[in-house]
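Beneath this line is the structure, given in structure tokens, with notes to follow.
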Amino acid sequence: MSCSELADWYLRHRLAVLDLGSASFRRAWSETVPVGYRPGICLSRLVAAARVRRIGRGLYVVTDPVRATPSIAIASGAFREVPHYITTDAALAQHGLIDQPISEITVVLPRVRQPIRIDQVTVIRPVTLDERRVQAADVYGTTVEGFAIRIATPEQAVADALAEPRWMLHGDLLPEVLAGFTDEEVARTATGVLGRTTAAAQRLGYLLEEAGRLLPAALAGLRPVRAVRLRPQKQARGPYSTRWRVYA
């Protein structure tokens, strides 16, 4: 056994991120590193040998010598042992619904965490949602190049983008995304946004009209009384929809 076997253990188990505070690290350490080693010394040697790369306090990306680890796997791996899921831009890109470069990966968590820079281009952006909503979200586990990720369905990702517009950088692509949804997917999205906020439902109704889609029954009777912005992060107000009371 040796310190270098620690990185090998993570690669064998297809774990993208080494978290010093995690149960997986305690297991890996007990199985690979001789008694008497200190974690700080071991990690310093692994960093010097380019076997791991530090991305935050106690967090290291394990370097795969064969190919680069997908950023989405690193983002999900950083929160592997807590309730979480990937949403908005990164989720929609993973589902093949948008093709823009993803510089910000939004991860939904029940507790506040600081952003984590993966590299010069990509940042993990943790956002918070009530833990009951995190647990009840329409998400699932899958793998990317063998690494486990937890990701929102397209409907959940769109619902998140409409309920929390600042969570999505490429929000101007939502009409295009919705245009490709089936009627069943639109109906599930409508149910999702109605369970969040009226403002989210207003935005969905407006975007469905923009996409030339028929309204699902759940939205047909909505008569909002307050005006909202389609994308609150934009300073200027665009055209106004009297039907949905939305500033585009």
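The values are calculated or read from the model by the stated rules, or taken from the named source; none is laboratory data. Here the structure is a predicted model, which is why all the values come from computation and not from measurement. Cβ atoms come from the backbone with ideal geometry, glycine included; neighbour counts cover every protein chain shown. We work out accessible area using only protein heavy atoms, side chains counted, and drop any ligands, DNA or RNA first. Shrake-Rupley method; radii C 1.70, N 1.55, O 1.52, S 1.80 Å.
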Handout entry: Pick from segment 40-58, criterion farther than 12 Å from Ser4 by Cα and not charged (D, E, K, R), ranking: most open to solvent (accessible area, probe 1.4 Å)
Key = Gly40
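Can you name the residue in segment 115-132 that is without any contact (Cβ under 8 Å) to a residue 60 or more places away in the chain and basic (Lys, Arg) and, of all such residues, is most open to solvent (accessible area, probe 1.4 Å)?
Let us first name the residues in segment 115-132 that are without any contact (Cβ under 8 Å) to a residue 60 or more places away in the chain, namely 115, 119-132.
Adding the requirement that they be basic (Lys, Arg) leaves 125, 132.
Working: Arg125: 65, Arg132: 182 Å².
Within segment 115-132, the match that is most open to solvent (accessible area, probe 1.4 Å) is Arg132.
Which residue, of Val177, Val225, Val193, Val246, is touching a Leu at 6+ places or on another chain (Cβ under 7 Å), over 16 Å from Val158 (Cα atoms) and not hydroxyl-bearing (Ser, Thr, Tyr)? Steps first, answer last, please.
On the way: Val177 fails: over 16 Å from Val158 (Cα atoms); Val225 fails: touching a Leu at 6+ places or on another chain (Cβ under 7 Å); Val193 fails: over 16 Å from Val158 (Cα atoms).
Answer to the selection: Val246.
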Completion exercise
Over segment 134-147, the set of residues in contact with a strand residue (DSSP E or B) (Cβ under 9 Å, 6 or more places away or on another chain), in contact (Cβ under 8 Å) with a residue 40 or more places away in the chain and surrounded by fewer than 16 Cβ atoms within 10 Å (Cβ to Cβ) is Thr143
Exercise for the section: Taking the residues in segment 20-62 that are closer than 20 Å to Pro126 by Cβ and basic (Lys, Arg) as candidates, determine which candidate is modelled with the lowest pLDDT. Expected result: Arg57
Completion exercise
Flagged pairs (Cβ under 6 angstrom, 6 or more apart or on separate chains; first in segment 87-110, at positive phi; second polar (S, T, N, Q) and surrounded by 17 or more Cβ atoms within 10 Å (Cβ to Cβ)) are Thr88/Thr106
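Quick one: in segment 87-108, which of the residues that are in contact with a Lys or Arg (Cβ under 8 Å, 6 or more places away or on another chain) and under 10 Å from Leu169 (Cβ atoms) is least open to solvent (accessible area, probe 1.4 Å)?
If we filter segment 87-108 for residues that are in contact with a Lys or Arg (Cβ under 8 Å, 6 or more places away or on another chain), which is where we start, we get 104-107.
Those still in the list that are under 10 Å from Leu169 (Cβ atoms) too: 104, 106.
Values: Glu104: 45, Thr106: 1 Å².
Filtering first and then ranking leaves Thr106.
The rows are residues; the columns are (1) open to solvent by less than 10 Å² (accessible area, probe 1.4 Å); (2) not in a loop (DSSP other than H, G, I, E, B).
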site: Arg150; (1), (2): no, yes
site: Leu173; (1), (2): no, yes
site: Glu184; (1), (2): no, yes
site: Thr189; (1), (2): yes, yes
site: Val193; (1), (2): yes, yes
site: Leu204; (1), (2): yes, yes
site: Leu208; (1), (2): yes, yes
site: Leu214; (1), (2): no, no
site: Arg223; (1), (2): no, no
Practice task
Go through segment 9-39 residue by residue and tally those that are surrounded by fewer than 17 Cβ atoms within 10 Å (Cβ to Cβ), aliphatic (A, V, I, L, M) and under 27 Å from the mean Cα position of the chain (by Cα).
Solution key: 2
Practice task
Search segment 151-163 for residues that are touching a residue at least 24 places away in the same chain (Cβ under 8 Å) and under 13 Å from Val108 (Cα atoms) and pair each with any residue that is acidic (Asp, Glu) and open to solvent by less than 10 Å² (accessible area, probe 1.4 Å) when their beta-carbon atoms are under 9 Å apart and the residues are at least 6 apart or on different chains.
Solution key: Ala152/Asp160; Ala157/Asp89; Ala161/Asp89
